[in-house]
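Please read the structure below before turning to the comments.
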Amino acid sequence: MQAFTSTVSVTLLLILMGLIVLLSLTARVVADSVKENLTVTVVLEDDVQTPDAQHLCDSLNRMYYVSSIDYISREQALQEQIESMGIDPTDFLGANPFSISMEVRVKPEFSSNDSLMWISNEFRKSELVADVMYQKDLVESMNKNLHRASYFLLAIALLLVIISLSLINNTVRLSVFSHRFVLHTMKLVGAKWSFIRRPFLVRGFWIGFISALIADAAILGGIYWASRYDSSILNYVTQENMIITAVSVLVIGLLLTIVCTYFSVTHCLKMRGSELY
C-alpha cells in the first residue's frame with residue numbers, strides 16, 4: 001500500500017515536471033514559428049526581366065540565412081491589387097505599374113534587427129534590386145516580447161521544479177522513515193550500510209521507473225487526445241519534443257527517487273536509537 005501511495009505521488013509530480021519540459025520546448029517552437037513569419041520584401045527594378053528575376057530568386061534561396069522565398073510576378077501583384085482594392089490600375093495608367101518582388105523569410109536565428117539590416121545590405125548589392133524593406137519596429141517589439149515571455153516561463157519552470165523536487169524528496173523520505181526501526185535493527189546486527197541501502201535503492205528504482213512510465217503515458221495520451229480535436233497542436237508539439245520530454249521524465253524519475261532514497265536511508269542510519277521515536 002505504501003509503495004502504491006509513493007508511486008502515485010511521484011507520478012503526479014513527474015507529470016508536472018514533464019509538462020514543464022514540454023511547455024519549454026513548445027515555447028521555443030512557437031517562437032521560431034513567429035520569427036519565420038517575418039519577411040524581408042525585395043523589390044526589383046522596373047526593367048528586370050522574368051528570367052533574370054527567377055535566377056536571382058534561386059540564388060537568394062541558396063543563402064544559408066534564407067528559410068523560404070515567395071516570388072511575386074508583376075501579374076500576380078496586379079491581381080492581388082485588383083482583389084484587395086477592386087480597382088484595376090491598368091484602366092487609367094495603361095500599363096501594369098508593379099515590379100517583380102520577393103517575400104524572403106529568414107531563419108529564426110537571423111530575425112534580429114542587426115541581422116536583418118546586414119541581410120538587407122547584402123540584397124542591395126545586386127544591380128537588379130531597387131529596394132529592400134522590412135518592419136524594424138515590429139521586429140524589435142517582437143524580439144522584446146519573446147524575451148520577456150522566455151524569462152517569465154523560465155521563472156515559472158524554476159519555481160515548479162523546486163516545488164516538485166521538495167515534494168518528491170519528502171515523499172521518499174517519509175517512505176524510508178517508516179522503516180527506520182528495521183534499518184536500526186539491521187545496523188545493530190552488523191549489516192553493512194551498503195547492504196542495508198540496496199533493497200531500498202532497488203525499490204526506489206522501480207518506483208521511479210513505473211512512475212515515469214505512467215507519467216509519460218499520461219502526457220503523451222493527453223497530447224494525442226488534444227490533437228484529435230485540434231490537429232494543429234502537432235505543428236508545435238513535435239515528435240522530437242515528445243521524445244525529449246518522455247526521456248527527460250524517465251531520467252528525472254529514476255535520478256530523483258534513487259538519489260532521494262540514498263540520502264534518506266543514510267539519514268536514518270545516522271540516527272541514534274533515542275531519535276527513532
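Per the listing V249, V172, V176, the residue uniquely surrounded by 18 or more Cβ atoms within 10 Å (Cβ to Cβ), in the same structural domain as S6 (by TED's automatic domain parsing), under 30 Å from D32 (Cβ atoms) and not small (G, A, S) is V249. Considering (1) assigned by TED's automatic domain parsing to the domain that holds T261; (2) at pLDDT 80 or above; (3) buried (at least 16 other Cβ atoms within 10 Å of the Cβ), the lone condition that A155 does not fulfil carries the number (3). Restricting attention to region 230-239, the residues that are over 10 Å from the mean Cα position of the chain (by Cα) and surrounded by 13 or more Cβ atoms within 10 Å (Cβ to Cβ) add up to 2. For region 183-203, filtering for residues that are in a helix (DSSP H, G or I), surrounded by 12 or more Cβ atoms within 10 Å (Cβ to Cβ) and hydrophobic (A, V, I, L, M, F, W, C) leaves 7. Take the conditions (1) part of a helix (DSSP H, G or I); (2) out of contact with any Asp or Glu (no Cβ under 6 Å at 6 or more places or on another chain); I82 misses just one of them, which is (2).
Residue-by-condition table, conditions (1) surrounded by fewer than 14 Cβ atoms within 10 Å (Cβ to Cβ); (2) farther than 21 Å from H179 by Cα; (3) modelled with pLDDT of 85 or more:
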| site | (1), (2), (3) |
| --- | --- |
| R228 | yes, yes, no |
| N241 | no, yes, yes |
| L255 | yes, yes, yes |
| S264 | no, no, no |
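Pick out the one residue from I15, I20 that is modelled with pLDDT of 85 or more, surrounded by 13 or more Cβ atoms within 10 Å (Cβ to Cβ) and part of a helix (DSSP H, G or I). Step through it out loud before you land on a result.
Working: I20 fails: modelled with pLDDT of 85 or more.
From the options I15, I20, the qualifying one is I15.
Let's see how each residue does on (1) within 27 Å of the chain's Cα centre (by Cα); (2) in a helix (DSSP H, G or I); (3) surrounded by 12 or more Cβ atoms within 10 Å (Cβ to Cβ); (4) in the same structural domain as L255 (by TED's automatic domain parsing):
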residue: E127; (1), (2), (3), (4): no, no, no, no
residue: Y151; (1), (2), (3), (4): yes, yes, no, yes
residue: L167; (1), (2), (3), (4): yes, yes, yes, yes
residue: F205; (1), (2), (3), (4): no, yes, yes, yes
residue: I210; (1), (2), (3), (4): yes, yes, yes, yes
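The values are calculated or read from the model by the stated rules, or taken from the named source; none is laboratory data. Predicted, not measured: the structure shown is a model, and the values here were computed from it. We place every Cβ from the backbone using ideal geometry, glycine too, and count neighbours over all the protein chains shown.
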